[in-house]
Amino acid sequence: FLIRLKKGKSQKIIQSKTAFFPLNCPISLKVVFLCVFVYNNMFVCLFFYICFSVFQVHLASCYGGLYGRPFIESFEETPMLVAVLTYMGYGILTIFGYLRDFLRHWQIEKCSIAREKENQKDFVPLYQDFENFYTRNLYMRIRDNWNRPICSVPGAKMDLMERTSRDYNWTFEYTDRVVQDVINLGSYNYLGFAENTGPCADSACEVTMKYGVGVTSTRQEIGNLDRHEEMEKLVAKFLGVESAMAFGMGFATNSMNIPALAGKGCLILSDELNHASLVLGARLSGSTIRVFKHNNMQSLEKLLREAIVHGQPRTHRPWKKILIVVEGIYSMEGSIVRLPEVIALKKRYRAYLYLDEAHSIGALGPKGRGVVDYFGLDPCDVDVMMGTFTKSFGAAGGYIAGKRELIEYLRSHSHSAVYATSMSPPVVEQIITSMKCIMGEDGTTIGCKRVRQLADNTVYFRKRLREMGFITYGNNDSPVVPMMLYMPAKIGAFGREMLKRNIGVVVVGFPATPIIESRARFCISAAHTKDMLDRALSVISEVGDLLQLKYSRHRIQPSPARPFDDNVYEDIDD
């Protein structure tokens, strides 16, 4: 109707600014624009248009014009005193490290470091002492917090084998004692499918009896089972794309497929906090790599503009292709990618988008279909959809999904597809059964209930931590919950004190994180009950008081009871 009002310049303005024209604005503004067009006052029209555009940009900056729901992430700044003390802690550890190296050199202290043999002194050393300084002097002090062997299913609770060390964590001895019923807050068991009973385990057992455990061949040779074909069709249907293909290892899905998609003369724009598999894949591709600030769309757009304007270095030829590489949920930060904005930039500058949904698939969205489902976007807007089966599905391996032409190209050009052995049949069956459960194709609502339970558990756990005064990072809806520890001495102390109270957690420090941002990373699961979470939160609060970890200066008042919203997600009708 508006376009037919007047011809000429007014019509061109509407057509060229369709995305910004207020067709869905308040009625009062529509009336103003109608009056302006009726009188054909071009200057007044431009005045009102500019005013409204500024107003709309202001609203978009405040509320996120591309988002249909609040997008809330918190990254509270490190308190100055804590930062200073953390740097001092690492400085003291470094000084003592050099002192101990001096004592080891003169054989005053026993040396347990790997060294070259005497007859290889003139060789180029395999074990660089200086490069391993952090490992032998800092990591060894808290090494007992990692690589703990478990002897049960890594579900909501697990059993750990107890071990001790007589040489300050250089070696370990097992005591033959099992620590039972440890609440598991470290595994990526988002939907609780890591279990040894139920339909998934039963199906895997049946398939093992029929097909065996190993395939002993590649997909291109004699390792392509009918179950592989069914799994890939199911993945494509689940994601809403044309085709998909699976790989036996999640890490290799990234590191081996990115080199097949990009090469010399291509530009990869990578988020600074992307996973090591994405970084390795980008480096192996031989492409030019430029890094933008984490989830910062201004930084990404600046790189895109420079890439379009200047082209390749020296020659200034246009890039063969520009590939934007991001993750759905960032596993160390707990943040969610600003996917609507990334897609808008990708379309504006005609780039390609590679989305790693290792942590977000199954864990986000009303249907559990990842970050695309979470934002209500079209899967076709993502050129390459990658994900893993190792987390929400309780299995192993990864997938690439997208257009049929993309998948057919990767089947013959991806090293991971051509040279790797096929996925194990029981693993494939675990994926099929759990995915059908999430989709509701098993005739039950178990999958839907688990997705809702995970969302509810995540909101509750994050809110309680903030009420206690801890600094947490990430998005309110992310089941990955980093809680800041900062000081190096508190990394090992927190992990040990939690295990003493039968809570298993993952602690992370430098170099996996920035040097002053050591943290504990909790992974919430749908298998966690309210009693488990309350027990864990009580212990976290107790240890937090003991170690003085409640750094937050924005503590919120606790609510009298646990909020439970049945309408977190609307009912799903597949």
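The values are calculated or read from the model by the stated rules, or taken from the named source; none is laboratory data. These numbers were taken from a predicted model, which means no experiment stands behind them. Glycine also receives a Cβ, built like all others from the backbone with ideal geometry; neighbour counts cover every protein chain displayed. The protein model used for the area step is the full one, side chains on, heavy atoms only, and it has no ligands, DNA or RNA in it. Shrake-Rupley method; radii C 1.70, N 1.55, O 1.52, S 1.80 Å.
Here each label is just a point 7 Å from Cα along the line to Cβ, and for residue 151 and residue 119 those points are 4.3 nm apart. Place a label point 7 angstrom from the Cα of residue 75 along the Cα-to-Cβ direction, then list the residues of the stretch 294-321 whose backbone nitrogen is under 18 Å away. Zone members listed by number: 294-303.
With a 1.4 Å probe and all protein chains in place, put 448, 380 in order of accessible area, largest first.
Heavy-atom accessible area, descending, gives 380, 448.
If you roll a 1.4 Å probe over the stretch 199-439 with all protein chains in place, what percent of the accessible area is carbon or sulfur?
Working: 5220 of 9860 Å².
Carbon and sulfur: 53 percent of the exposed surface of the stretch 199-439.
Here the Karplus curve 6.51 cos²θ - 1.76 cosθ + 1.60, taken at θ = phi - 60°, turns the phi angles of the stretch 340-353 into couplings of x, 6, 4, 5, 4, 5, 4, 5, 5, 9, 6, 9, 9, 10 Hz, with x standing for Gly and Pro. One decimal place: the segment residue 510-residue 547 gains 11.4 nm when fully extended, by the rule 0.36 nm per residue minus the C-alpha distance. By DSSP, the beta bridges lying fully in the stretch 320-469 are antiparallel in about 40 percent of cases.
Hey, what's the stretch 199-439 come to in accessible area per residue, 1.4 Å probe, Å²? Walk me through the numbers on the way to the answer.
Numbers: 9860 Å² over 241 residues.
Accessible surface, normalised per residue, equals 41 Å².
Annotation: amide H-H contacts under 5 Å for residue 387 (H modelled 1.01 Å from N, sequence separation of 5 or more, or interchain): 357, 399.
Under a 1.4 angstrom probe, counting protein chains only, how are 319, 106 ranked by accessible area, largest first?
Working: 319 30, 106 155 Å².
From most accessible down to least: 106, 319.
Counting other Cβ atoms within 10 Å, which trypsin sites (Lys or Arg not before Pro) in the stretch 265-363 have at most 12 and lie in a DSSP loop?
Numbers: sites: 283, 290, 293, 302, 305, 314, 320, 321, 338, 346, 347, 348, 350; in loops: 293, 314, 320, 321, 338, 350.
Within the stretch 265-363, the qualifying trypsin sites (Lys or Arg not before Pro) (loop, at most 12 other Cβ atoms within 10 Å) are 314, 350.
Here the stretch 183-197 is scanned for amide nitrogen atoms under 17 Å from the site 7 Å beyond the Cα of residue 159 along Cα-to-Cβ, giving 183-184, 195-197. Length available on full extension from residue 133 to residue 202: 0.36 nm per residue minus the Cα-Cα distance, which gives 20.0 nm.
Annotation: extensible slack from residue 67 through residue 226 equals 53.2 nm (criterion: 0.36 nm per residue apart, minus Cα-Cα distance). The share of accessible area on the stretch 461-553 that comes from carbon and sulfur is 53 percent, using a 1.4 angstrom probe. Which distance in Å, rounded to a whole number, links the C-alpha centroids of the stretch 519-552 and the stretch 235-263? Measuring centre to centre over Cα atoms gives 35 Å.
Could you order the peptides 81-92, 394-405 from most to least packed, using the average number of other C-beta atoms within 10 Å per residue?
Numbers: 81-92: 14.1, 394-405: 21.6.
With the highest mean Cβ count within 10 Å placed first, the list reads 394-405, 81-92.
Against the criterion of solvent-accessible heavy-atom surface with a 1.4 angstrom probe, 266, 151 sort, most first, into 151, 266. A simple spin-label model places pseudo-atoms 7 Å from Cα toward Cβ; at residue 92 and residue 314 they are separated by 5.2 nm. Rounded to two decimals, the Cα radius of gyration of the stretch 199-439 over 2.2 N^0.38 Å is 1.02.
Spatial offset of the stretch 352-373 relative to the stretch 127-192 amounts to 30 Å, using the alpha carbon center of each.
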